[in-house]
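**Student:** Before I ask anything, here is the structure I am working with.
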């Protein structure tokens, strides 16, 4: 029995096989493809958190609903609740994502909140960081 075996996503070993699309949508004419699981998971997280409730057809509960905090008063109570909410949503919708650290930083003078999520993908050596700023 092998101990400490690392999971390798089979599609990552096939060069030229796309696993998803990039969310920058600035490629002329067609969507830009992503070829690594790391990029696909990061784009999935961004898509999830920038989607509001009832925006996705046939899946009304899909979405992190972060834009609802844009017009809320920025204080430590709201950011603490936001941090707990994000943690629960990641656990529920992304079970293969393990949160290493989650920081919700408030800038009340600029009316801005910055979310920094450092995560790893279960059973792999893949780790990444996602930064979302909204105001």
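Throughout, read-outs are computed from the coordinates displayed, never taken from laboratory work. All figures in this text were calculated on a predicted structure; none of them were measured in a lab. Methodologically, a virtual Cβ is constructed for each residue, glycine included, from the backbone with ideal geometry; neighbour enumeration extends over all protein chains shown.
**Student:** Between region 82-98 and region 119-135, what is the C-alpha centre distance in whole Å?
**Tutor:** 12 Å
**Student:** On average over all directions, what projected area in square nanometres does region 16-134 have, based on the convex hull of its Cα atoms?
**Tutor:** 8.9 nm²
**Student:** For the residue pair residue 76 and residue 99, what label-to-label distance in nm results when each label sits 7 Å from Cα along the Cα-to-beta-carbon direction?
**Tutor:** In this crude spin-label approximation the distance works out to 1.9 nm.
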